[in-house]
Amino acid sequence: MRCDRTAPMAPQSCQPAGRCSGNLTARQREMLQLLAEGKPQKEVAKTLNVTPRTSAFHKYTITAQLGLNNRAELVQYAVEHRLVTPRG
């Protein structure tokens, strides 16, 4: 599914290359939101009541599932899909 990049993005909308936030579970979206807010990996783990290793694995899974390469791209994705609001 491809979307018009000029249209407003809804949380369940899609990006080119099949990157859909609708494919993420509620828990994955919660983790993505915390990561995009700049929370350290250990704090995310504590907030979600999981081990830091589990948190890191979920971050890896989300990154791979969305076809992204790093945390900066995760943040950009979260902002574009209105999972977080940009600062400033």
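Side notes on the structure shown:
- Scanning region 31-60 for residues that are surrounded by 16 or more Cβ atoms within 10 Å (Cβ to Cβ) and touching a residue at least 24 places away in the same chain (Cβ under 8 Å) yields M31, L32, L35, A36, S55, H58, K59.
- Check on R87, on the phi > 0 side of the Ramachandran plot and at pLDDT below 90: no
- The condition of being β-branched (V, I, T), part of a helix (DSSP H, G or I) and without any contact (Cβ under 8 Å) to a residue 12 or more places away in the chain holds for T63.
- Count of residues meeting criterion [outside any helix (DSSP H, G or I) and in contact (Cβ under 8 Å) with a residue 24 or more places away in the chain] in region 69-87: 4
- Restricting the first member to region 15-30 and to residues that are among the hydroxyl-bearing types (S, T, Y) and assigned to a helix (DSSP H, G or I), and the second to residues that are modelled with pLDDT of 50 or more and surrounded by 13 or more Cβ atoms within 10 Å (Cβ to Cβ), the beta-carbon pairs closer than 6 Å and six or more apart or on different chains are S21/H81.
The values are calculated or read from the model by the stated rules, or taken from the named source; none is laboratory data. Note that the structure is predicted; figures quoted are calculated from it, not measured. Reconstructed Cβ throughout: ideal geometry from the backbone, glycine too, with neighbour counts over all protein chains shown.
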